[in-house]
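The values are calculated or read from the model by the stated rules, or taken from the named source; none is laboratory data. Source: prediction; values computed, not measured. Because the Cβ atoms are built from the backbone with ideal geometry, glycine has one as well, and the counts that use them run over all protein chains shown. These area figures cover heavy atoms from the full protein model, side chains too; ligands, DNA and RNA do not enter into them. Shrake-Rupley method; radii C 1.70, N 1.55, O 1.52, S 1.80 Å.
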Amino acid sequence: MLVKLDVPPLCLKSNSDGTRLVVGCVDGTIRFYDTTAVTEEEEFEEIWKFQTKSSIRGVDIDESKGRVYAITKNRALCVFDLETGRRTRCLLKCHKSIPSAICTLPPTALKSQQLATADESGEVKTWNFDAEPPMVREWKELEEEINDLKVDVKSNLLATSSDGTMAAFDLRKAKFKVRSELMHSELFAVCGTTRSVYVGGEDGYVEVFNLNEYGNLLERIESGFEMGVNGIVELRSGLLGITSGGSNKMRLLNVMPSKRLGVAGCHGDEKDMDDGIDAITISSDKSTVFTMISMSQTIKKWDMQPILEGIPILRAQDAKSKKKRKVEGFFDGMVEKGDEDSDEDSDDDEDGGSRKKKRRKMDSDEEDEADDEAEEELSDEEVDGEDEEEEEEDSD
(Lines give C-alpha, C1' and ligand atoms only; values in the text may rest on other atoms or scores of the structure.)
Protein backbone atom coordinates (compact mmCIF):
# COMPACT_ATOMS: atom_id res chain seq x y z
CA MET A 1 0.00 0.00 0.00
CA LEU A 2 1.48 3.34 -1.13
CA VAL A 3 0.45 6.60 0.58
CA LYS A 4 1.34 10.09 -0.64
CA LEU A 5 1.83 13.00 1.79
CA ASP A 6 1.41 16.71 1.15
CA VAL A 7 4.95 17.45 2.45
CA PRO A 8 8.23 15.51 2.19
CA PRO A 9 8.77 13.14 5.15
CA LEU A 10 12.23 12.92 6.74
CA CYS A 11 11.92 10.14 9.35
CA LEU A 12 9.43 7.56 10.61
CA LYS A 13 8.93 4.95 13.30
CA SER A 14 6.41 2.13 13.75
CA ASN A 15 4.88 0.81 16.97
CA SER A 16 5.04 -2.83 18.09
CA ASP A 17 2.33 -4.26 15.82
CA GLY A 18 2.45 -1.87 12.87
CA THR A 19 -0.95 -0.29 13.52
CA ARG A 20 0.52 3.12 14.41
CA LEU A 21 3.14 5.20 12.65
CA VAL A 22 4.82 8.46 13.66
CA VAL A 23 6.31 10.58 10.86
CA GLY A 24 8.55 13.66 11.05
CA CYS A 25 8.36 16.08 8.12
CA VAL A 26 10.51 18.77 6.59
CA ASP A 27 7.98 21.50 7.50
CA GLY A 28 8.43 20.75 11.22
CA THR A 29 5.22 18.75 11.71
CA ILE A 30 5.05 15.50 13.67
CA ARG A 31 2.20 13.31 12.47
CA PHE A 32 0.75 10.25 14.18
CA TYR A 33 -1.19 7.87 11.90
CA ASP A 34 -3.51 4.90 12.20
CA THR A 35 -2.20 2.61 9.43
CA THR A 36 -5.23 0.27 9.55
CA ALA A 37 -7.62 3.02 8.40
CA VAL A 38 -7.37 4.67 4.99
CA THR A 39 -9.17 7.86 3.93
CA GLU A 40 -10.87 8.50 0.60
CA GLU A 41 -7.70 10.22 -0.60
CA GLU A 42 -5.84 6.91 0.01
CA GLU A 43 -3.95 8.25 3.00
CA PHE A 44 -3.46 6.92 6.50
CA GLU A 45 -5.96 8.28 8.99
CA GLU A 46 -4.27 11.02 10.99
CA ILE A 47 -4.73 10.75 14.78
CA TRP A 48 -2.87 13.93 15.73
CA LYS A 49 -0.36 16.43 14.39
CA PHE A 50 1.98 18.87 16.12
CA GLN A 51 3.76 21.81 14.52
CA THR A 52 7.32 22.65 15.64
CA LYS A 53 9.58 25.53 14.57
CA SER A 54 12.15 23.46 12.66
CA SER A 55 12.38 20.35 10.49
CA ILE A 56 12.35 16.99 12.25
CA ARG A 57 15.60 14.97 12.23
CA GLY A 58 14.43 11.86 14.07
CA VAL A 59 11.46 10.28 15.89
CA ASP A 60 10.90 7.29 18.18
CA ILE A 61 8.11 5.67 20.20
CA ASP A 62 8.18 4.43 23.81
CA GLU A 63 4.93 2.48 24.23
CA SER A 64 5.71 1.43 27.80
CA LYS A 65 5.68 5.07 28.93
CA GLY A 66 3.18 6.32 26.32
CA ARG A 67 5.62 8.81 24.76
CA VAL A 68 6.79 10.02 21.37
CA TYR A 69 10.27 11.54 21.16
CA ALA A 70 11.52 13.90 18.45
CA ILE A 71 14.73 15.78 17.67
CA THR A 72 14.71 18.89 15.47
CA LYS A 73 17.17 20.79 13.34
CA ASN A 74 17.25 23.70 15.82
CA ARG A 75 18.74 21.23 18.39
CA ALA A 76 15.57 20.73 20.43
CA LEU A 77 14.51 17.44 22.07
CA CYS A 78 10.74 17.17 22.49
CA VAL A 79 8.50 14.71 24.35
CA PHE A 80 4.85 14.17 23.33
CA ASP A 81 1.97 12.19 24.78
CA LEU A 82 1.35 9.14 22.61
CA GLU A 83 -2.46 9.31 22.71
CA THR A 84 -3.18 13.03 22.65
CA GLY A 85 -0.13 14.50 20.93
CA ARG A 86 0.33 17.12 23.63
CA ARG A 87 3.92 18.23 24.12
CA THR A 88 4.89 17.48 27.72
CA ARG A 89 8.52 18.60 27.65
CA CYS A 90 11.03 20.31 25.38
CA LEU A 91 14.78 20.63 25.95
CA LEU A 92 16.34 23.47 23.98
CA LYS A 93 19.94 23.12 22.77
CA CYS A 94 20.17 19.46 23.80
CA HIS A 95 23.35 19.11 21.68
CA LYS A 96 26.07 21.48 20.55
CA SER A 97 25.59 20.32 16.96
CA ILE A 98 22.48 19.36 15.00
CA PRO A 99 21.00 16.07 16.29
CA SER A 100 21.13 13.24 13.77
CA ALA A 101 19.92 10.03 15.52
CA ILE A 102 17.59 8.93 18.32
CA CYS A 103 16.84 5.62 20.05
CA THR A 104 14.77 4.47 23.04
CA LEU A 105 16.61 2.36 25.62
CA PRO A 106 15.63 -0.89 27.39
CA PRO A 107 14.70 -1.07 31.11
CA THR A 108 18.03 -2.79 31.82
CA ALA A 109 19.90 0.49 31.35
CA LEU A 110 21.61 1.87 34.47
CA LYS A 111 20.08 4.87 36.26
CA SER A 112 16.82 4.52 34.34
CA GLN A 113 18.26 5.79 31.07
CA GLN A 114 15.27 6.10 28.75
CA LEU A 115 16.57 7.67 25.57
CA ALA A 116 19.79 8.13 23.58
CA THR A 117 20.51 10.88 21.07
CA ALA A 118 23.50 11.68 18.85
CA ASP A 119 24.60 14.62 16.74
CA GLU A 120 26.67 15.52 13.68
CA SER A 121 29.88 16.03 15.70
CA GLY A 122 29.95 12.42 16.99
CA GLU A 123 28.57 13.12 20.47
CA VAL A 124 26.21 10.65 22.20
CA LYS A 125 23.96 11.50 25.18
CA THR A 126 21.52 9.47 27.27
CA TRP A 127 18.48 10.89 29.07
CA ASN A 128 16.08 10.18 31.93
CA PHE A 129 13.06 12.47 31.77
CA ASP A 130 11.86 11.39 35.19
CA ALA A 131 14.91 12.96 36.86
CA GLU A 132 16.49 16.40 37.19
CA PRO A 133 18.67 17.20 35.38
CA PRO A 134 17.52 14.78 32.65
CA MET A 135 20.91 14.10 31.04
CA VAL A 136 22.60 10.97 32.45
CA ARG A 137 25.72 10.33 30.33
CA GLU A 138 27.69 12.08 27.61
CA TRP A 139 30.32 10.49 25.34
CA LYS A 140 32.52 11.95 22.61
CA GLU A 141 34.23 8.88 21.19
CA LEU A 142 33.43 9.33 17.50
CA GLU A 143 34.77 12.05 15.22
CA GLU A 144 32.05 12.67 12.63
CA GLU A 145 28.28 12.53 12.19
CA ILE A 146 26.48 9.59 13.80
CA ASN A 147 24.05 8.09 11.31
CA ASP A 148 22.25 5.46 13.39
CA LEU A 149 21.69 4.28 16.97
CA LYS A 150 20.51 0.80 17.94
CA VAL A 151 20.56 -1.43 21.04
CA ASP A 152 21.65 -5.08 20.76
CA VAL A 153 20.37 -7.99 22.87
CA LYS A 154 23.28 -7.55 25.32
CA SER A 155 22.18 -4.00 26.24
CA ASN A 156 24.94 -2.35 24.24
CA LEU A 157 24.16 0.94 22.52
CA LEU A 158 25.69 0.85 19.02
CA ALA A 159 26.50 4.05 17.12
CA THR A 160 27.62 4.07 13.46
CA SER A 161 29.54 7.06 12.20
CA SER A 162 30.63 8.71 8.98
CA ASP A 163 34.23 8.40 10.17
CA GLY A 164 34.08 4.70 9.23
CA THR A 165 33.88 3.23 12.75
CA MET A 166 31.24 1.93 15.14
CA ALA A 167 31.22 2.55 18.89
CA ALA A 168 29.60 0.40 21.57
CA PHE A 169 28.43 1.69 24.97
CA ASP A 170 27.50 -0.61 27.85
CA LEU A 171 24.13 0.64 29.12
CA ARG A 172 24.11 -1.58 32.21
CA LYS A 173 27.34 0.04 33.38
CA ALA A 174 26.74 3.38 31.67
CA LYS A 175 30.23 3.53 30.19
CA PHE A 176 32.05 3.38 26.88
CA LYS A 177 32.98 -0.15 25.83
CA VAL A 178 34.86 -0.35 22.52
CA ARG A 179 35.34 1.28 19.15
CA SER A 180 35.67 -0.83 16.03
CA GLU A 181 38.55 -0.85 13.60
CA LEU A 182 38.36 1.52 10.66
CA MET A 183 36.04 0.17 7.98
CA HIS A 184 36.29 0.59 4.22
CA SER A 185 33.74 3.44 3.99
CA GLU A 186 31.19 5.46 5.95
CA LEU A 187 28.83 3.42 8.12
CA PHE A 188 25.10 4.08 7.89
CA ALA A 189 22.51 1.65 9.26
CA VAL A 190 22.97 -0.95 12.01
CA CYS A 191 20.83 -3.98 12.89
CA GLY A 192 21.40 -6.41 15.76
CA THR A 193 20.23 -10.03 15.93
CA THR A 194 20.63 -12.76 18.53
CA ARG A 195 23.96 -13.87 17.06
CA SER A 196 25.47 -11.06 15.00
CA VAL A 197 25.33 -7.34 14.22
CA TYR A 198 25.05 -6.08 10.63
CA VAL A 199 26.15 -2.62 9.50
CA GLY A 200 25.47 -1.03 6.12
CA GLY A 201 28.30 0.83 4.43
CA GLU A 202 28.59 3.49 1.76
CA ASP A 203 30.43 1.09 -0.58
CA GLY A 204 27.42 -1.24 -0.81
CA TYR A 205 28.71 -3.93 1.55
CA VAL A 206 27.18 -5.21 4.78
CA GLU A 207 29.78 -5.42 7.56
CA VAL A 208 29.27 -8.32 9.99
CA PHE A 209 30.36 -8.37 13.65
CA ASN A 210 30.03 -11.08 16.25
CA LEU A 211 27.57 -10.18 18.98
CA ASN A 212 29.31 -8.36 21.84
CA GLU A 213 32.63 -8.41 19.90
CA TYR A 214 32.84 -5.12 18.06
CA GLY A 215 36.56 -4.48 17.91
CA ASN A 216 37.27 -6.44 14.73
CA LEU A 217 35.28 -7.22 11.61
CA LEU A 218 34.07 -10.79 11.07
CA GLU A 219 32.84 -10.79 7.48
CA ARG A 220 31.78 -8.58 4.56
CA ILE A 221 28.72 -9.37 2.43
CA GLU A 222 28.04 -7.77 -0.94
CA SER A 223 24.50 -6.38 -0.94
CA GLY A 224 23.97 -5.76 -4.63
CA PHE A 225 23.52 -2.00 -4.12
CA GLU A 226 26.04 0.39 -5.63
CA MET A 227 25.03 3.53 -3.73
CA GLY A 228 25.42 2.16 -0.20
CA VAL A 229 23.16 0.43 2.35
CA ASN A 230 21.29 2.95 4.50
CA GLY A 231 18.60 0.66 5.93
CA ILE A 232 18.68 -2.83 7.51
CA VAL A 233 15.89 -4.67 9.33
CA GLU A 234 15.54 -8.28 10.46
CA LEU A 235 12.47 -9.77 8.77
CA ARG A 236 12.82 -13.13 10.52
CA SER A 237 15.61 -15.20 12.01
CA GLY A 238 18.38 -15.42 9.41
CA LEU A 239 16.75 -13.07 6.89
CA LEU A 240 17.44 -9.34 6.47
CA GLY A 241 15.71 -6.66 4.44
CA ILE A 242 18.11 -4.01 3.13
CA THR A 243 17.50 -0.73 1.31
CA SER A 244 19.61 1.92 -0.40
CA GLY A 245 19.30 5.59 -1.13
CA GLY A 246 20.13 4.82 -4.76
CA SER A 247 17.32 2.32 -5.39
CA ASN A 248 13.59 1.98 -4.74
CA LYS A 249 13.89 -1.78 -4.18
CA MET A 250 14.07 -3.74 -0.95
CA ARG A 251 16.48 -6.64 -1.29
CA LEU A 252 16.49 -9.86 0.73
CA LEU A 253 19.72 -11.11 2.26
CA ASN A 254 19.97 -14.52 3.92
CA VAL A 255 22.65 -14.76 6.61
CA MET A 256 24.36 -17.83 8.01
CA PRO A 257 24.77 -18.90 5.27
CA SER A 258 25.18 -15.60 3.43
CA LYS A 259 23.18 -15.55 0.20
CA ARG A 260 21.30 -12.90 -1.72
CA LEU A 261 17.70 -13.97 -2.36
CA GLY A 262 16.59 -11.29 -4.80
CA VAL A 263 14.13 -8.42 -4.44
CA ALA A 264 11.12 -8.37 -2.11
CA GLY A 265 9.46 -5.56 -4.05
CA CYS A 266 9.65 -1.93 -5.12
CA HIS A 267 8.58 1.29 -3.45
CA GLY A 268 6.47 2.78 -6.22
CA ASP A 269 7.00 2.20 -9.93
CA GLU A 270 9.63 -0.39 -10.74
CA LYS A 271 10.80 1.63 -13.74
CA ASP A 272 11.33 4.78 -11.67
CA MET A 273 14.98 4.45 -10.70
CA ASP A 274 15.57 8.09 -9.77
CA ASP A 275 14.10 7.85 -6.26
CA GLY A 276 15.86 5.87 -3.55
CA ILE A 277 14.47 4.67 -0.23
CA ASP A 278 15.54 7.14 2.46
CA ALA A 279 14.34 5.33 5.60
CA ILE A 280 12.91 1.99 6.71
CA THR A 281 11.27 0.82 9.95
CA ILE A 282 9.75 -2.48 11.08
CA SER A 283 7.23 -3.30 13.79
CA SER A 284 8.45 -5.21 16.83
CA ASP A 285 6.45 -8.31 15.86
CA LYS A 286 8.06 -8.19 12.37
CA SER A 287 4.68 -8.26 10.65
CA THR A 288 4.83 -4.86 8.96
CA VAL A 289 7.55 -2.80 7.27
CA PHE A 290 7.33 0.87 6.30
CA THR A 291 9.62 2.55 3.76
CA MET A 292 9.85 6.23 2.89
CA ILE A 293 11.02 8.29 -0.10
CA SER A 294 11.32 12.01 0.59
CA MET A 295 11.52 13.18 -3.01
CA SER A 296 8.26 11.54 -4.06
CA GLN A 297 6.64 12.32 -0.65
CA THR A 298 5.44 8.73 -0.31
CA ILE A 299 5.31 6.04 2.39
CA LYS A 300 4.75 2.37 1.60
CA LYS A 301 3.30 -0.21 3.97
CA TRP A 302 4.57 -3.76 3.42
CA ASP A 303 2.61 -6.72 4.76
CA MET A 304 5.45 -9.19 5.23
CA GLN A 305 3.52 -12.43 5.77
CA PRO A 306 2.69 -13.16 2.10
CA ILE A 307 6.18 -12.09 1.06
CA LEU A 308 7.98 -14.32 3.56
CA GLU A 309 5.82 -17.34 2.76
CA GLY A 310 7.52 -17.59 -0.62
CA ILE A 311 11.05 -17.22 0.75
CA PRO A 312 12.78 -20.51 1.67
CA ILE A 313 14.48 -20.97 5.02
CA LEU A 314 18.11 -21.71 4.25
CA ARG A 315 20.43 -23.62 6.52
CA ALA A 316 24.16 -24.20 6.24
CA GLN A 317 23.66 -27.60 4.62
CA ASP A 318 21.30 -26.08 2.06
CA ALA A 319 23.88 -23.62 0.77
CA LYS A 320 25.30 -24.27 -2.66
CA SER A 321 28.40 -26.40 -2.24
CA LYS A 322 31.53 -24.80 -3.52
CA LYS A 323 33.75 -26.56 -6.01
CA LYS A 324 36.78 -28.21 -4.45
CA ARG A 325 39.77 -26.17 -5.50
CA LYS A 326 43.27 -27.57 -5.81
CA VAL A 327 45.45 -26.75 -2.82
CA GLU A 328 48.24 -24.44 -3.83
CA GLY A 329 50.25 -24.81 -0.66
CA PHE A 330 53.89 -25.86 -1.04
CA PHE A 331 53.76 -29.04 0.99
CA ASP A 332 50.22 -29.94 -0.09
CA GLY A 333 51.32 -29.66 -3.69
CA MET A 334 54.27 -31.94 -3.04
CA VAL A 335 52.02 -34.48 -1.37
CA GLU A 336 49.52 -34.43 -4.20
CA LYS A 337 52.26 -34.61 -6.81
CA GLY A 338 54.00 -37.39 -4.96
CA ASP A 339 50.81 -39.39 -4.80
CA GLU A 340 50.22 -38.90 -8.49
CA ASP A 341 53.83 -39.79 -9.31
CA SER A 342 53.63 -42.88 -7.14
CA ASP A 343 50.49 -43.96 -8.93
CA GLU A 344 52.12 -43.34 -12.29
CA ASP A 345 55.29 -45.13 -11.17
CA SER A 346 53.28 -48.12 -10.02
CA ASP A 347 51.51 -48.20 -13.35
CA ASP A 348 54.82 -47.88 -15.16
CA ASP A 349 56.32 -50.61 -13.02
CA GLU A 350 53.43 -52.92 -13.80
CA ASP A 351 53.67 -52.15 -17.52
CA GLY A 352 57.43 -52.40 -17.46
CA GLY A 353 57.32 -55.68 -15.59
CA SER A 354 54.91 -57.20 -18.07
CA ARG A 355 57.07 -55.97 -20.96
CA LYS A 356 60.20 -57.42 -19.33
CA LYS A 357 58.51 -60.77 -18.82
CA LYS A 358 57.35 -60.78 -22.43
CA ARG A 359 60.84 -59.85 -23.61
CA ARG A 360 62.42 -62.60 -21.51
CA LYS A 361 60.01 -65.11 -22.96
CA MET A 362 60.80 -63.99 -26.51
CA ASP A 363 64.53 -64.19 -25.81
CA SER A 364 64.19 -67.66 -24.36
CA ASP A 365 62.20 -68.76 -27.40
CA GLU A 366 64.88 -67.41 -29.71
CA GLU A 367 67.60 -69.19 -27.72
CA ASP A 368 65.68 -72.46 -27.91
CA GLU A 369 65.31 -72.09 -31.69
CA ALA A 370 69.03 -71.33 -32.03
CA ASP A 371 69.93 -74.41 -29.96
CA ASP A 372 67.64 -76.57 -32.07
CA GLU A 373 69.25 -75.33 -35.30
CA ALA A 374 72.72 -75.90 -33.85
CA GLU A 375 71.81 -79.45 -32.85
CA GLU A 376 70.40 -80.14 -36.31
CA GLU A 377 73.59 -78.87 -37.99
CA LEU A 378 75.67 -80.89 -35.58
CA SER A 379 73.69 -84.02 -36.30
CA ASP A 380 74.07 -83.49 -40.07
CA GLU A 381 77.84 -83.10 -39.75
CA GLU A 382 78.06 -86.30 -37.70
CA VAL A 383 76.09 -88.19 -40.34
CA ASP A 384 78.37 -86.90 -43.14
CA GLY A 385 81.42 -87.84 -41.13
CA GLU A 386 80.16 -91.42 -40.64
CA ASP A 387 79.42 -91.73 -44.38
CA GLU A 388 82.95 -90.66 -45.27
CA GLU A 389 84.45 -93.20 -42.85
CA GLU A 390 82.38 -95.99 -44.40
CA GLU A 391 83.52 -95.05 -47.93
CA GLU A 392 87.21 -95.14 -46.84
CA GLU A 393 86.80 -98.58 -45.32
CA ASP A 394 85.21 -99.90 -48.54
CA SER A 395 88.07 -98.57 -50.64
CA ASP A 396 90.59 -100.35 -48.54
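Structure above, values below:
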{"item": "Residue list for the stretch 86-142, restricted to those being under 28 Å from the mean Cα position of the chain (by Cα), part of a strand (DSSP E or B) and under 15 Å from residue 65 (Cα atoms)", "result": "103, 104, 115"}
{"item": "All positions within the stretch 20-43 that are assigned to a loop (DSSP other than H, G, I, E, B), free of Cβ contacts under 8 Å to residues at least 60 places away in the same chain and β-branched (Val, Ile, Thr)", "result": "39"}
{"item": "Residue list for the stretch 33-45, filter: under 22 Å from residue 295 (Cβ atoms) and open to solvent by 20 Å² or more (accessible area, probe 1.4 Å)", "result": "41, 42, 43"}
{"item": "Residue that is surrounded by the most Cβ atoms within 10 Å (Cβ to Cβ) [pool: residues in the stretch 144-158 that are among the aliphatic types (A, V, I, L, M) and within 16 Å of residue 210 (Cα to Cα)]", "result": "157"}
{"item": "Out of 75, 87, 57, sole residue that is open to solvent by 40 Å² or more (accessible area, probe 1.4 Å) and touching a Pro at 6+ places or on another chain (Cβ under 6 Å)", "result": "57"}
{"item": "Yes/no for residue 286 being surrounded by 12 or more Cβ atoms within 10 Å (Cβ to Cβ) and touching a helix residue (DSSP H, G or I) at 6+ places or on another chain (Cβ under 7 Å)", "result": "yes"}
{"item": "Residues satisfying the stated conditions in the stretch 189-234, i.e. of a type in the set (A, V, I, L, M) and in a strand (DSSP E or B)", "result": "189, 190, 197, 199, 206, 208, 221, 232, 233"}
{"item": "Filtered residue count, the stretch 164-181, keeping only those that are open to solvent by 50 Å² or more (accessible area, probe 1.4 Å) and over 16 Å from residue 210 (Cα atoms)", "result": "4"}
{"item": "Out of 204, 231, sole residue that is within 16 Å of residue 164 (Cβ to Cβ) and either among the acidic types (Asp, Glu) or open to solvent by less than 30 Å² (accessible area, probe 1.4 Å) (or both)", "result": "204"}
{"item": "Single residue of 161, 97 found to be among the small types (Gly, Ala, Ser) and surrounded by fewer than 20 Cβ atoms within 10 Å (Cβ to Cβ)", "result": "97"}
{"item": "Condition check for residue 30: more than 30 Å from the chain's Cα centre (by Cα), surrounded by 22 or more Cβ atoms within 10 Å (Cβ to Cβ) and among the hydrophobic types (A, V, I, L, M, F, W, C)", "result": "yes"}
